[in-house]
Amino acid sequence: HAETGAAGWLRYAAIRNPETLRRDQALPAGVVLLDRSPVPLSAEQELVRGVRSMLDRTLRIDDTLPEEDAFVLGTASEIEGALPQARAGTLQPESFSLSVVHAHGHAYWVIEGGDARGVLYGTFRLLAKMGTEQDLAMLHDSESPSAPIRWVNQWDNIDGSIERGYAGRSIFFDNGAVREDVSRTGEYARLLASVGIDGCTVNNVNASPKMLSPEMIGGLARIADEFRPWGVRLSISVALNSPQTLGGLSTFDPLNPQVIAWWQSRVDALYAQIPDFGGFVVKADSEGQPGPSQYGRTPADAANMLARMLKPHGGILLYRAFVYNHHLDWNDMKADRARAAYDIFHPLDGKFEDNVVVQIKYGPIDFQVREPVSPIFAGLRKTSEAIELQVTQEYTGQAHHAVFLIPLWKESLDFDLHADNRSTTVASIVEGKAFHHALGGFVGVANVGLDANWMGHPLSMANLYGFGRLAWNPELTSAAIAEEWTRLTFSNNPEVASTVDGILLHSWHAYEGYTGSLGIGTLTDILHAHYGPGIESAERNGWGQWFRADHQGVGMDRTVATGTGYIGQYPPEVAKRYESLATMPDSLLLFFHHVPWNYRLHNGQTVIQYTYNAHYAGAEEAAQFMTDWKRLDGLIDDERYQKVLDLLIYQSGHAVVWRDAVCNWAKSMSGIPDDRGRVGHY
Ligand code: GCW
């Protein structure tokens with residue numbers, strides 16, 4: 001079971017050299033839990049389970065501090081009572097401190113939490129340290145999460161299908177209702193908690209109004225019961241027209257008193273059954289979803305109406321900034337989908353209730369392999385913000401290509417928008433620090449399914465793991481995250497770790513190389529599955545994912561001087577850098593500028609030649625992954641070895657399909673041959 005991937009990174013594989021864990025002291029034989037409420041209880045059980053599995057020892061469970069070495073778990077006030085010497089100073093909610101305290105002649109391994117969740121997170125950290133064979137002799141670690149919102153969204157439909165899900169049917173819903181058997185949802189919550197994720201929105205942002213029916217609320221309460229011991233709060237996406245379609249009212253105008261009363265009755269019903277309900281996510285006026293614009297109301301009107309009801313219960317309202325017109329006029333050279341979020345939300349800054357959070361995709365288009373960061377991050381100074389990342393690999397190879405997304409996300413998080421001429425990285429903005437927002441954080445669209453290994457491709461789980469780790473601490477490096485995940489998931493064997501890490505850390509670059517380089521955006525089929533090459537499907541339609549290629553040149557002119565003016569939405573220093581070709585980074589050139597095919601990049605190559613070279617290099621890298629993986633034959637279990645090998649063989653072939661599709665297209669479009677003669681003749 002463990003080897004099929006169901007356990008994910010929580011395999012707790014036997015540690016071959018336990019002495020590496022504790023160079024100068026023995027691990028305690030018992031554990032005492034000072035608080036027996038559900039979340040710390042999960043922590044204690046997890047510690048017992050992990051130690052048994054990794055070290056083949058069963059910890060004794062004590063009721064009070066024993067007269068011998070022990071693990072001691074508790075929140076600050078309980079530790080204070082039992083073992084005052086151990087107090088770590090002030091710990092914020094969800095924080096923890098790990099230390100070994102010597103008292104009464106014994107060594108107490110203390111896991112102290114700022115609250116119940118902190119105890120759980122500290123326990124999972126300790127187990128991860130053991131699982132990666134770190135020396136625990138000097139155990140000393142104190143950590144706090146970067147931001148309060150560390151949620152996943154699931155795009156599950158109530159019929160049991162999942163929009164952009166690649167690992168089977170929904171773990172939550174089937175046939176219009178919550179499944180009878182929701183045991184998988186508890187296992188999911190455990191995985192999420194192990195990397196510090198504290199919330200899960202269980203249904204598609206393209207939400208069914210039926211989510212608010214009494215039967216559904218009863219079902220949701222059963223899921224919330226599974227989540228609760230792991231400190232994961234349940235939330236749902238809601239359709240703004242629910243008062244009309246479900247409630248039978250003649251309107252869903254967010255300012256109409258009857259509409260407000262209807263929502264209030266639903267919020268009351270939810271909290272009656274789910275006292276720790278997290279709140280609502282709203283997608284409105286976007287891709288055909290109903291929204292406040294129908295009544296001449298703003299996103300703030302709709303968001304605030306709901307937020308006010310959630311507030312007394314500690315609930316929050318996440319309003320997505322992914323609002324745009326998908327009937328844009330291709331012939332209008334000023335039309336630009338990338339402008340939409342800023343144009344709509346910037347004027348509303350300061351008009352939102354303080355429990356509203358605007359949820360913003362990292363780039364202004366849609367989870368592409370390379371996008372600049374969305375300028376609206378710097379355009380909301382008085383409104384809390386969350387960054388939305390896509391764990392499920394929609395445009396990035398789905399469950400067929402190995403693409404480790406952490407380096408992509410880090411580029412966005414580390415990007416400095418330089419608002420007010422000071423350093424304001426995207427991470428510091430969503431953490432609430434840059435502009436002193438009340439809330440903020442990270443949302444990952446995860447879309448796990450019923451398949452035993454959760455995400456389809458075994459290596460995709462690194463993205464879920466990495467999402468949680470980055471949301472906890474965006475300063476972690478991609479390499480550190482890859483290393484942890486690989487050791488926990490596969491093995492501490494250095495050969496295994498370096499091989500898997502090498503593949504992970506090169507995979508985004510390779511995928512970008514063989515699919516779409518220089519910020520050209522989506523060359524995938526955008527009208528159907530969002531999979532495989534569909535080069536011109538993005539052009540000449542209303543969706544606005546254009547790159548405007550013709551015989552002369554390629555790229556969207558988004559400059560202020562001659563283009564759509566999008567660049568003017570960035571703070572001045574960034575705008576200046578993007579406006580001028582002299583300072584424009586090659587990697588994003590075609591996102592921002594329209595240039596001739598023979599335009600010379602900073603790297604010395606022409607756009608057309610670089611396009612050829614990047615696609616060939618990317619496909620070669622993909623083939624290399626397959627060769628590298630073969631080194632693991634016999635070093636990991638056969639089942640996962642073979643499964644990943646099969647996928648990498650497929651990927652290297654599909655990379656050639658991609659390479660040839662894009663290169664042949666670029667050649668026929670530009671009429672310029674490959675100077676190395678690789679690209680077909682016409
Ligand atoms: O990326 C696009 C997806 C849609 C999705 C939408 C969104 C849930 O193709 O499937 O809808 O974004 O984020 O709302």
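The values are calculated or read from the model by the stated rules, or taken from the named source; none is laboratory data. The structure displayed is predicted, hence computed values, not measured ones. Methodologically, a virtual Cβ is constructed for each residue, glycine included, from the backbone with ideal geometry; neighbour enumeration extends over all protein chains shown.
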If Gly544 satisfies all but one of (1) free of Cβ contacts under 8 Å to residues at least 60 places away in the same chain; (2) over 18 Å from Met669 (Cβ atoms); (3) assigned to a loop (DSSP other than H, G, I, E, B), what's the number of the condition it fails?
(1)
Could you pull out the residue among Asp637, Asp633 that is free of Cβ contacts under 8 Å to residues at least 60 places away in the same chain and out of contact with any His (no Cβ under 6 Å at 6 or more places or on another chain)?
Asp633
Answer yes if at least one residue in segment 319-330 is within 16 Å of the ligand (Cβ to nearest atom), in contact with a Phe, Trp or Tyr (Cβ under 6 Å, 6 or more places away or on another chain) and closer than 29 Å to Val202 by Cβ, and no otherwise.
yes
Looking only at segment 79-111, which residues are farther than 19 Å from Arg125 by Cβ, outside any loop (DSSP other than H, G, I, E, B) and not small (Gly, Ala, Ser)?
Glu80, Pro84, Gln85, His102, His106
Out of (1) assigned to a helix (DSSP H, G or I); (2) within 21 Å of the chain's Cα centre (by Cα); (3) under 16 Å from Gly315 (Cβ atoms), what's the single condition that is false for Leu270?
(2)
Output the residue which, of all residues in segment 438-462 that are in contact with a Lys or Arg (Cβ under 8 Å, 6 or more places away or on another chain) and not aliphatic (A, V, I, L, M), is surrounded by the fewest Cβ atoms within 10 Å (Cβ to Cβ).
Pro458
Looking at this structure, is Gln390 within 16 Å of the ligand (Cβ to nearest atom) and either closer than 27 Å to His593 by Cα or modelled with pLDDT under 95 (or both)?
yes
Within segment 643-660, track down each residue that is more than 22 Å from Asp525 (Cα to Cα), surrounded by fewer than 19 Cβ atoms within 10 Å (Cβ to Cβ) and in contact (Cβ under 8 Å) with a residue 40 or more places away in the chain.
Lys643
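Quick check on segment 161-219: of everything there that is polar (S, T, N, Q) and within 16 Å of the ligand (Cβ to nearest atom), which residue is nearest to Leu318 (Cα to Cα)?
Thr201
Taking helices (runs of 4 or more DSSP H) that fall entirely within segment 558-659, which contain at least 2 residues that are closer than 29 Å to Ala497 by Cβ? Let's see the steps before the verdict.
Details: elements: 572-579, 589-592, 607-629.
Counting at least 2 such residues, we get 607-629.
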Filter segment 134-158 down to the residues that are in a loop (DSSP other than H, G, I, E, B) and within 15 Å of the ligand (Cβ to nearest atom) and list them by number.
Gln154, Trp155, Asn157, Ile158
Contact list please: Cβ distance under 7 Å, first residue in segment 299-321 and assigned to a helix (DSSP H, G or I), second residue at pLDDT below 95, pairs at least six apart or on different chains.
none
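So that you can scan it fast, the table gives a plain yes or no per residue for (1) surrounded by fewer than 23 Cβ atoms within 10 Å (Cβ to Cβ); (2) touching a residue at least 60 places away in the same chain (Cβ under 8 Å); (3) touching a strand residue (DSSP E or B) at 6+ places or on another chain (Cβ under 9 Å); (4) among the aromatic types (Phe, Trp, Tyr):
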site	(1), (2), (3), (4)
Ser237	no, yes, yes, no
Asn241	yes, no, no, no
Gly247	yes, no, no, no
Asn256	yes, no, no, no
Ala261	yes, no, no, no
Tyr295	yes, no, no, yes
What are the residues in segment 527-541 that are within 21 Å of Ser668 (Cα to Cα) and either within 23 Å of the chain's Cα centre (by Cα) or in a helix (DSSP H, G or I) (or both), if any?
Gly532, Ile535, Glu536, Ser537, Ala538
Selection from segment 240-254 of residues farther than 13 Å from Leu306 by Cα and either at pLDDT below 95 or not in a loop (DSSP other than H, G, I, E, B) (or both) yields Gln244, Thr245
Just checking, how many residues over segment 274-292 are surrounded by fewer than 16 Cβ atoms within 10 Å (Cβ to Cβ) and assigned to a helix (DSSP H, G or I)?
0
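Which ones in segment 618-642 are under 18 Å from Ala399 (Cβ atoms) and buried (at least 16 other Cβ atoms within 10 Å of the Cβ)?
Our first condition is that a residue be under 18 Å from Ala399 (Cβ atoms); within segment 618-642, this holds for 622, 625-626, 629, 639-642.
Those that are under 18 Å from Ala399 (Cβ atoms) and buried (at least 16 other Cβ atoms within 10 Å of the Cβ): Ala622, Phe625, Met626, Trp629, Arg640, Tyr641.
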In segment 360-374, the residues that are more than 11 Å from the ligand (Cβ to nearest atom) and among the aromatic types (Phe, Trp, Tyr)
Tyr362
Could you list, in sequence order, all residues of segment 174-211 that are in contact (Cβ under 8 Å) with a residue 60 or more places away in the chain and assigned to a loop (DSSP other than H, G, I, E, B)?
Val195, Gly196, Ile197, Asp198, Val205, Asn206, Ala207
Does at least one position in segment 243-265 carry a residue that is away from the ligand (no atom under 16 Å from the Cβ), under 31 Å from the mean Cα position of the chain (by Cα) and aromatic (Phe, Trp, Tyr)?
yes
If you check Ala7 against the conditions, is it outside any helix (DSSP H, G or I), among the small types (Gly, Ala, Ser) and without any contact (Cβ under 8 Å) to a residue 40 or more places away in the chain?
yes
Checking the conditions here, which among Ala76, Ala137, Ala86 is surrounded by fewer than 18 Cβ atoms within 10 Å (Cβ to Cβ) and modelled with pLDDT under 95?
Ala137
Restricting attention to segment 661-682, which residues are closer than 20 Å to Tyr511 by Cα and either without any contact (Cβ under 8 Å) to a residue 24 or more places away in the chain or of a type in the set (Val, Ile, Thr) (or both)?
Val662, Asn664, Val679
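Residue by residue through segment 266-294, note down the ones that are of a type in the set (Val, Ile, Thr) and within 16 Å of the ligand (Cβ to nearest atom). Walk me through it before giving the result.
Within segment 266-294, the first condition is being of a type in the set (Val, Ile, Thr), and the residues that meet it are 267, 274, 281-282.
Within segment 266-294, Val281, Val282 qualify.
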Among the residues in segment 393-400, are any within 13 Å of the ligand (Cβ to nearest atom), in contact with a Phe, Trp or Tyr (Cβ under 9 Å, 6 or more places away or on another chain), at pLDDT 95 or above and not polar (S, T, N, Q)?
yes
